[in-house]
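The values are calculated or read from the model by the stated rules, or taken from the named source; none is laboratory data. Since we're looking at a predicted model, the values are computed, not measured. Neighbour counts run over all protein chains shown; Cβ positions are idealised from the backbone, glycine included.
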Amino acid sequence: MRDILEEIVANKQAELELWKQYIPMKRLYALLESKGSFDTQTPSMKAALMQSNSGIIAEFVRKQPGKEWINKAAKPRDIALAFEANGATGISFPTDFKYFGGYDEYIQEARAAHVTLPILYRNYIIDDYQLFQAKHAGASAVTLNAALLPIEVCQSFTSLCAQLHLEIVLEIHDESELEYLNCNPDMCLVNNRKFATLEMDTNISLQLAEKLPTDLLTISAGGITDAAIANQLRSVGYQGCIVDTYLMESEEVGTALQQLLTQINN
């Protein structure tokens with residue numbers, strides 16, 4: 001697991017060096033200021049999940065770590081509009097290219113197409129520069145990964161997110177990371193992917209459910225391939241479920257989402 005985490009961080013650090021050369025922090029800040037982005041509040045993911053009957057966050061993802069492409073030709077604008085039109089509570093965009101085939105620009109394309117749903121920016125965030133990137137892209141919320149961040153850095157990022165009007169989704173993987181809840185995130189996401197093998201196991205969420213605070217909005221992500229799993233997760237307290245491959249492998253994502261929501265709500 002440590003080797004994989006070190007690889008992820010090294011890759012992200014190299015990416016960030018290039019980004020900071022291309023768009024230095026001063027310029028990124030100026031871009032946000034000129035657009036009035038600092039005063040812009042995007043739709044709340046937390047509020048949407050609290051009001052939702054399904055809690056389904058549809059994820060635009062073109063590939064998965066250790067796997068071939070899921071849907072390399074997928075267009076973020078078209079898919080995001082289909083997700084919104086067919087009842088998704090929110091949309092998740094993994095924006096890391098190496099592992100997920102994503103870009104920040106995909107969120108910008110969705111917003112330019114007038115997608116109004118809350119958008120979750122999922123990336124391996126290790127630097128405050130990335131929080132400004134998420135704000136610039138048009139995200140509503142960002143994931144902070146407990147496996148990648150010292151707790152004091154997570155707390156610092158939490159403070160910055162509040163200033164940027166970005167909601168925080170704390171991502172955890174096992175019981176040892178529960179101390180990160182002291183950072184007071186808006187939501188907690190349990191990732192069902194095992195770092196060591198990259199396999200999905202929804203039992204991770206089921207086993208952690210009773211250990212999570214009852215007053216904290218919780219999301220399960222990974223391995224949710226049908227309504228039965230989503231309903232099981234909701235029965236133990238999860239208010240949100242991120243559905244990715246199941247939808248992105250479908251020939252018609254809107255129809256697949258409609259069918260899933262019908263089965264969940266029944």
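Some observations on this one:
- Under the condition of being surrounded by fewer than 20 Cβ atoms within 10 Å (Cβ to Cβ) and more than 18 Å from residue 219 (Cα to Cα), the residues counted in the range 46-81 number 14.
- Here the condition is being among the β-branched types (Val, Ile, Thr), touching a residue at least 24 places away in the same chain (Cβ under 8 Å), in contact with a strand residue (DSSP E or B) (Cβ under 8 Å, 6 or more places away or on another chain) and closer than 18 Å to residue 186 by Cα; of 142, 115, it holds for 142 alone.
- Selection over the range 59-105 of residues that are within 19 Å of residue 241 (Cβ to Cβ), among the acidic types (Asp, Glu) and touching a residue at least 60 places away in the same chain (Cβ under 8 Å) gives a count of 1.
- First in the range 252-266 and within 23 Å of residue 73 (Cα to Cα), second anywhere and part of a helix (DSSP H, G or I) and among the β-branched types (Val, Ile, Thr), Cβ under 7 Å, 6 or more apart: 253/79
- For the range 34-73, filtered to residues that are assigned to a loop (DSSP other than H, G, I, E, B) and among the basic types (Lys, Arg), the residue that is modelled with the lowest pLDDT is 67.
- Subset of the range 234-256 that is touching a helix residue (DSSP H, G or I) at 6+ places or on another chain (Cβ under 6 Å) and closer than 15 Å to residue 52 by Cα - its residue that is surrounded by the fewest Cβ atoms within 10 Å (Cβ to Cβ): 237
- One residue alone among 16, 5, 31 is at pLDDT below 90, surrounded by 12 or more Cβ atoms within 10 Å (Cβ to Cβ) and part of a helix (DSSP H, G or I), and that residue is 5.
Residue by residue, here is whether (1) in contact with a Ser or Thr (Cβ under 8 Å, 6 or more places away or on another chain); (2) basic (Lys, Arg); (3) buried (at least 20 other Cβ atoms within 10 Å of the Cβ); (4) modelled with pLDDT of 95 or more holds:
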{"site": "115", "(1), (2), (3), (4)": "no, no, yes, yes"}
{"site": "120", "(1), (2), (3), (4)": "yes, no, yes, yes"}
{"site": "123", "(1), (2), (3), (4)": "yes, no, yes, yes"}
{"site": "142", "(1), (2), (3), (4)": "no, no, yes, yes"}
{"site": "150", "(1), (2), (3), (4)": "no, no, no, yes"}
{"site": "159", "(1), (2), (3), (4)": "no, no, no, yes"}
{"site": "170", "(1), (2), (3), (4)": "yes, no, yes, yes"}
